[in-house]
Structures are given as structure tokens and as C-alpha cells.
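Presented below is the structure to which this report refers.
The values are calculated or read from the model by the stated rules, or taken from the named source; none is laboratory data. Just so it is clear, the model here is predicted, and its values are computed rather than measured. Using ideal geometry, Cβ is built from the backbone for each residue, glycine included, and neighbour counts are taken over all protein chains shown.
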Amino acid sequence: MNCPLFYADECRLGRSYCLLFAKLGASVVVNDLVNPDTVVQEIQKMGGKAVGNKASAEDGDAVVKTAIDTYGRIDILVNNAGILRDKAFANMDDKLWDDVIAVHLRGTYKCTKAAYPYMLKQKYGRIVNTTSTSGIYGNFGQANYAAAVSTLRFPCSSCSANTEIETWHTWLLTCSCTRGRKEQHLRQHDCSERGYKYDPNHYARRDGASVQA
């Protein structure tokens, strides 16, 4: 049993992550500060396993605790929490800057920090950090957002370089396409890492069997 944990919004990328992994047989923790229940119920209606959690991404210990208390382990962490506080740089104040940094950067750190000891003990872990092309190319009114998401590549590389986990991977998913394309890119990347044959309609296993995606 794989147990992935997501910070999921109700109808956007986080939901897509949750539904995709649930369809592939994972037991999912859906974390949303406002309403995780809608996504949880959607997963349960299609026969999947899911539990909801309401916590800030900055409260990583509480988020990960739900996965451990419910499933006894955490195999995959998807850091997807994000907010926008767009404002021209000349008009930006400290609160607009700090709020975005806190959710994107500190939230990623706190959740990863909480999950790390369990993955270390298991000698297995997968972490996906969600970033944006705004952090690569910049975007008007998003100096705070660009600063936050552009730094997410450094925790990925540092964790991978310093870990003792035998099968630890950190991935950086850059959002620059529609939801469907994001899901496809995630599948293609995972298949490539595992040496599977990729099919856009199925998730192919090494043994030749396939799972409907």
C-alpha cells in the first residue's frame, strides 16, 4: 500500500493529484485548510481510500500525523499548497510578500521536514514540489510568488544529495500547462523513472499489465 499526502484545493491541481493517485490504488490523505471533504468523498465514491485533514501547510507535523495515524506510513508527499497576492512591486508591502513566502516556501519545508524521518526509517520516499514558470521567467505583479517558487528547486537537490534513503526521489513539477497536460506529464515522468512503457490511456506496469489512469 502506498500512502501519498497532498495539499489539495477543491477543484484544481490538488484535486487532480488526489484522483490520479487514488485511481492507481494509493491510500490518500487530502489536506485542505477549508474543505477536504469534497475530494475525499469523490475518491470514496469511486471505491478509493481517502481521509481528509484541515491544516495549514506550515503545520507540517499535523498534516503528516494524519497519514501516520490513519495508514501507518507516508510514501509520497506532494507539496502543492499555494496562494497568490499579486501586486506591482512598487505597491507591494511586507505582508503580501511574507504571506506568499510562508505558504509556498515555509510550507514546503515544514511538510518535508515532518515526512522525512518516516521516509528515512522506511528507506523509501517520493516528494513532488510544485513550482511555476513565474519562478523561471518572472511575471508582472508576482515578485513575491516568483521568489517563493523559484527557490523550491534547492530543497529538491539538497535532500537528494544528502539523504540516506535507498530509494528517495525528489521531483520538481513546473506548472505551465492545462490540468490534463499536467497529469500527463506526471505520468510520463513516473513511467520513465520506473522503466515502464507509457500509454496516454493506461499506466503500464513492468510485467506488461496495465492500470486504467
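Do we have any residue at all in segment 102-109 that's β-branched (Val, Ile, Thr) and under 20 Å from Arg15 (Cα atoms)?
Going through segment 102-109, the residues β-branched (Val, Ile, Thr) turn out to be 103, 108.
Going one step further and asking which of them are under 20 Å from Arg15 (Cα atoms), we end up with 103, 108.
Yes, there is a match, as at least one residue in segment 102-109 is β-branched (Val, Ile, Thr) and under 20 Å from Arg15 (Cα atoms).
When the residues of segment 73-124 are filtered to those that are over 29 Å from Ala22 (Cα atoms) and among the aromatic types (Phe, Trp, Tyr), which remaining residue is surrounded by the fewest Cβ atoms within 10 Å (Cβ to Cβ)?
Phe89
Here are some residues: Val34, Val30. Which one is closer than 26 Å to Gly125 by Cα and either in contact (Cβ under 8 Å) with a residue 40 or more places away in the chain or not in a helix (DSSP H, G or I) (or both)?
Among Val34, Val30, only Val30 is closer than 26 Å to Gly125 by Cα and either in contact (Cβ under 8 Å) with a residue 40 or more places away in the chain or not in a helix (DSSP H, G or I) (or both).
Please find, within segment 133-145, the residue that is surrounded by the most Cβ atoms within 10 Å (Cβ to Cβ) out of those that are closer than 22 Å to Ala90 by Cβ and of a type in the set (Ser, Thr, Tyr).
At the first step, the residues of segment 133-145 found to be closer than 22 Å to Ala90 by Cβ are 134-135, 137-145.
Right, trim to of a type in the set (Ser, Thr, Tyr) and you get 134, 137, 145.
Working: Ser134: 22, Tyr137: 10, Tyr145: 25.
Across segment 133-145, the extreme among qualifying residues is Tyr145.
Applying the selection to segment 75-102, what residues are more than 13 Å from the chain's Cα centre (by Cα) and farther than 17 Å from Asn139 by Cα? Before you say what the answer is, go through the steps one by one.
Pass one, segment 75-102, residues more than 13 Å from the chain's Cα centre (by Cα): 83-102.
Answer for segment 75-102, where residues must be more than 13 Å from the chain's Cα centre (by Cα) and farther than 17 Å from Asn139 by Cα: Asp93, Asp94, Lys95, Asp98, Asp99, Ala102.
Only residues that are closer than 9 Å to Ala115 by Cα and under 14 Å from the mean Cα position of the chain (by Cα): list them for segment 49-62, please.
Selection gives Gly60 alone.
Somewhere in segment 10-24, is a residue among the basic types (Lys, Arg), part of a loop (DSSP other than H, G, I, E, B), in contact (Cβ under 8 Å) with a residue 24 or more places away in the chain and more than 29 Å from Leu120 (Cβ to Cβ)?
There is at least one residue in segment 10-24 that is among the basic types (Lys, Arg), part of a loop (DSSP other than H, G, I, E, B), in contact (Cβ under 8 Å) with a residue 24 or more places away in the chain and more than 29 Å from Leu120 (Cβ to Cβ).
Can you name the condition, by its number, that Val34 falls short on among (1) of a type outside the set (S, T, N, Q); (2) modelled with pLDDT under 90; (3) crowded, with 19+ Cβ neighbours inside 10 Å?
(3)
Would you say Thr112 is of a type in the set (Val, Ile, Thr) and closer than 16 Å to Ala26 by Cα?
no
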